[in-house]
1. Which of the residues spanning region 248-280 are at pLDDT 95 or above and basic (Lys, Arg)?
2. Out of region 56-66, which residues are out of contact with any Leu (no Cβ under 8 Å at 6 or more places or on another chain) and in contact (Cβ under 8 Å) with a residue 24 or more places away in the chain?
3. Picking from Ser188, Ser205, Ser183, which residue would you name as being among the hydroxyl-bearing types (Ser, Thr, Tyr) and under 16 Å from Cys38 (Cα atoms)?
4. Looking at Val87, is it surrounded by 17 or more Cβ atoms within 10 Å (Cβ to Cβ), hydrophobic (A, V, I, L, M, F, W, C) and touching a Gly at 6+ places or on another chain (Cβ under 6 Å)?
5. Collect the residues in region 90-127 that are buried (at least 22 other Cβ atoms within 10 Å of the Cβ), farther than 19 Å from Asp2 by Cβ and of a type in the set (A, V, I, L, M), keeping them in residue-number order.
6. I need the strands (runs of 3 or more DSSP E) fully contained in region 217-286, keeping only those with at least 3 residues that are within 36 Å of the chain's Cα centre (by Cα).
7. Show the residue pairs that are 6+ apart or on different chains and have beta-carbon atoms under 8 Å apart, the first residue being within region 281-306 and under 29 Å from Arg33 (Cβ atoms), the second being hydroxyl-bearing (Ser, Thr, Tyr) and in a strand (DSSP E or B).
8. Being crowded, with 20+ Cβ neighbours inside 10 Å and touching an Asp or Glu at 6+ places or on another chain (Cβ under 9 Å) is the filter here; which residues of region 238-254 pass it?
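The values are calculated or read from the model by the stated rules, or taken from the named source; none is laboratory data. Quick caveat: nothing in here was measured; it's all calculated off a predicted structure. For neighbour counting, all protein chains shown are included, and Cβ atoms are generated from backbone atoms with ideal geometry for every residue, glycine included.
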Amino acid sequence: MDIIKELSQIGIVPVIALDDAKDAAPLAKALCRGGLPCAEITFRTAAAEESIRIMANEFPEMLVGAGTVLTTEQADRAINAGARFLVSPGLNPEVVKHCIAKGYPIVPGCATPSEIETAISLGLDTVKFFPAEAAGGIAMIKAMSAPYGKIKFMPTGGIGEGNLNDYLSFGKIFACGGSWMASKKLISEGKFDEIEKLTRGAVSSMLDIKLHHIGINSDSADAKTAAEAFGAILGLSTRETDISVWCGDKVEVMTEPIKGSVGHIALSVNYVDRAVYHLQKRGLTFDLSTAKYDSSGNMTFVYAENEICGFAIHLVKNS
C-alpha cells in the first residue's frame, strides 16, 4: 500500500522522542495494541536510530518513520535503520532532493505559501504543517489550500483529542501528528498500559463509532404493521420508503430481506474509510463492492462481510 495512503487511513501519527532505546519495543507494543500501528520517531535524541531499528525489526506490522530529519546523513541513517517515511520540521531543498533521488518518502514542514510553492516545484504533493496551532491552525490550512488544490497536509503541533477532528474533517488533511497519547513523562515512567489506553481513546475519538439504526428483515405484508408497533412503543411516527418502513430514525423494517439473516445494524462513524482500516484490525472484513462515495471520492457507506447473531453490519458516515 502507498505509505501516504496508509497514513491517511490510520489518521493519527504518534510523534515520539525516545531518550532510551530500551523503551522502543514496549512503546511499539502499546501503540499497536491501542490501535495505532505507526510512529514518527524524532531524531532529536541519540536513541532515535536504534529505536527505529528495534521497532522496524520487532514490529513489522508497524509503519515506522523518522521525524526531525534535518540532514541527508540523518535521512540515510533513518532509512538504513528501517524507517519507511521521513518527516522534517521545515523544507530543506537539499534534503528533499536527496530523498526523492533515493526514493525515500519525505514530508517536509511548510507553514507559508512560499514554502508550499517550493514543495510543489520539487515534485511534492504532501507536506507537514508545523507548528500547526501556533501557525494559524485549521483556519490557516483552509486559507492556504484554496490556491494549492493538489497539496495535502499533515498538521503537527498543539493537536490533541479536543481539536483532532477539527483538522481531520477537512479533506485536504491526510493525517495529524501528535504526542498526547505517548508523552515523554509516561514513557520515562514506563506507563505503557496508560499509553495503550490513551492510544485506544485517541482512535475512538477520531472514529466516534455510534449505533445509527437497526434494520429488521420482514416482508411487504408485515413491515408496516411491525414498524407501527415499534412506533406505538417508542412514541414515534413511521414513514415508508421504496425498500422499508422506518420507525423514527432508529428502527428500519425491510419490506423484503436484504443483507443479514435477520437484519442489519448500522454504525455511524466520522470517516468510513478510516473506520474500515481500523475495524479490519479488530476482526471485521468488508465487501468493498457495496461501498458508496461522495462527490469528492470519500467513502460514505459500506457493508462488512461478517454477520453477528444474524445481523449484517454496515457503516455510514456521520451526518
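1. Arg274
2. Filtering region 56-66 down to residues out of contact with any Leu (no Cβ under 8 Å at 6 or more places or on another chain) leaves 56-61, 64.
Result: Ala56, Asn57, Glu58, Phe59, Glu61, Val64.
3. Values: Ser188 fails: under 16 Å from Cys38 (Cα atoms); Ser205 fails: under 16 Å from Cys38 (Cα atoms).
That would be Ser183, the only listed residue that is among the hydroxyl-bearing types (Ser, Thr, Tyr) and under 16 Å from Cys38 (Cα atoms).
4. Working: surrounded by 17 or more Cβ atoms within 10 Å (Cβ to Cβ): yes; hydrophobic (A, V, I, L, M, F, W, C): yes; touching a Gly at 6+ places or on another chain (Cβ under 6 Å): yes.
Against the criterion (surrounded by 17 or more Cβ atoms within 10 Å (Cβ to Cβ), hydrophobic (A, V, I, L, M, F, W, C) and touching a Gly at 6+ places or on another chain (Cβ under 6 Å)), Val87 qualifies.
5. Hits for region 90-127 are Leu91, Val95, Ala111.
6. Details: elements: 238-240, 244-247, 251-254, 263-269.
Per the criteria, 244-247, 251-254, 263-269.
7. Phe286/Tyr303; Asp287/Tyr303; Met299/Tyr293; Val302/Thr290; Tyr303/Thr290
8. Filtering region 238-254 for residues crowded, with 20+ Cβ neighbours inside 10 Å gives 244-247, 251-254.
Scanning region 238-254 gives Ser244, Val245, Trp246, Cys247, Val253, Met254.
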